[in-house]
Amino acid sequence: MKKIVIAIDGPSASGKSTIAKALAKTLHYAYVDSGAMYRAVTLYFLENNIPIDHPETVATALPKITIRFQRKEQGNRTILNGQDVESEIRQMRVSEYVSQVSAISAVRREMVRQQQLMGKHKGIVMDGRDIGTVVFPEAEVKIFVTADIKERARRRYTELNKKGIQVTYDAVLENLHERDRIDSTRAVGPLRKADDAFEIDNSHLGLEEQLELAIKIVETKIGEKM
Ligand code: DC
């Protein structure tokens with residue numbers, strides 16, 4: 001079957017990574033979580049005291065950062081300069097700082113370059129904010145995943161509670177509003193639905209239904225049945 005590039009974008013907690021992972025598994029494609037790359041850069045900056053308001057130090061630091069992914073039984077692992085940082089990049093100190101780091105244009109340029117290399121041979125599903133608009137504007141399939149903000153907040157709240165993290169629903173809702181605002185208003189690579197993206201609003205859809213929809217989109221685009 002013809003190999004293609006599938007770009008999946010959407011706001012925080014929209015469930016885009018769940019659908020992206022399921023689609024990659026079904027198609028036997030590689031899956032790349034571009035958000036994990038911005039998180040890995042953020043972790044590197046924190047651990048190496050890189051001041052984000054000092055462009056020269058940022059520019060010197062970027063070539064020293066190598067990010068790759070490893071597929072394991074228990075899921076994808078993010079490897080930063082040879083070290084598994086999958087847990088560290090999900091910590092609050094990283095989540096709180098990543099929006100600022102991902103707004104730096106030199107950082108975005110380098111990440112986009114690395115992401116484009118990963119997609120060179122196609123057969124890839126990548127999710128993020130600017131995948132269909134900036135990273136792969138020529139992607140054969142683009143999907144924009146959305147959900148009602150209250151539903152997204154409810155899901156994130158339940159997820160955090162399960163992990164034993166004490167937080168109120170209102171705080172989660174407020175944080176999502178703020179992240180949506182920062183992600184969609186930044187000057188470079190803002191969160192935006194590509195004109196040719198297919199939108200899936202999953203406020204009332206389960207994973208099976210979304211996967212069915214996504215597979216139909218892929219089949220239509222490549223003109224082959226799976
Ligand atoms: O998807 P996530 O929440 O793990 O993403 C972490 C941060 O990285 C989020 O603040 C948005 C940013 N990001 C980005 O700017 N561009 C991408 N392609 C993916 C994520």
*Which of the residues spanning segment 107-124 are away from the ligand (no atom under 13 Å from the Cβ) and closer than 16 Å to SER17 by Cβ?*
ILE124
*Provide a single number: the residues in segment 177-191 that are more than 9 Å from the ligand (Cβ to nearest atom), within 15 Å of THR146 (Cβ to Cβ) and out of contact with any Leu (no Cβ under 6 Å at 6 or more places or on another chain).*
2
*Out of all the residues in segment 129-136, is one or more surrounded by 15 or more Cβ atoms within 10 Å (Cβ to Cβ), of a type in the set (S, T, N, Q) and in contact with a helix residue (DSSP H, G or I) (Cβ under 8 Å, 6 or more places away or on another chain)?*
no
_For a quick check of your reading: which helices (runs of 4 or more DSSP H) sit entirely within segment 1-65 and have at least 2 residues that are touching a helix residue (DSSP H, G or I) at 6+ places or on another chain (Cβ under 8 Å), on the phi < 0 side of the Ramachandran plot and touching a residue at least 60 places away in the same chain (Cβ under 8 Å)?_
16-27, 34-47
*Inside segment 76-94, can you point out the residues that are touching a residue at least 24 places away in the same chain (Cβ under 8 Å) and outside any loop (DSSP other than H, G, I, E, B)?*
ASN76, THR78, LEU80, GLU88, ILE89, ARG90, ARG93, VAL94
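Each row is one residue, and each column tells you yes or no for (1) under 17 Å from HIS204 (Cβ atoms); (2) within 13 Å of the ligand (Cβ to nearest atom); (3) among the acidic types (Asp, Glu).
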{"site": "ILE131", "(1), (2), (3)": "no, yes, no"}
{"site": "VAL135", "(1), (2), (3)": "no, yes, no"}
{"site": "GLU138", "(1), (2), (3)": "no, no, yes"}
{"site": "THR146", "(1), (2), (3)": "yes, no, no"}
{"site": "ALA153", "(1), (2), (3)": "yes, no, no"}
{"site": "ARG156", "(1), (2), (3)": "no, yes, no"}
{"site": "ASN161", "(1), (2), (3)": "no, no, no"}
{"site": "GLN166", "(1), (2), (3)": "no, no, no"}
*Considering GLU73, GLU47, which residue is out of contact with any strand residue (DSSP E or B) (no Cβ under 7 Å at 6 or more places or on another chain), away from the ligand (no atom under 15 Å from the Cβ) and modelled with pLDDT under 95?*
GLU73
*asked:* I'm told ILE104 meets every condition in (1) modelled with pLDDT under 95; (2) surrounded by fewer than 19 Cβ atoms within 10 Å (Cβ to Cβ); (3) within 13 Å of the ligand (Cβ to nearest atom); (4) not acidic (Asp, Glu) except one. Can you identify the failing condition by its number?
replied: (2)
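The values are calculated or read from the model by the stated rules, or taken from the named source; none is laboratory data. Bear in mind that the values here come from a model prediction, so they are computed numbers and not experimental data. Virtual Cβ from ideal backbone geometry, glycine too; neighbours counted across all protein chains shown.
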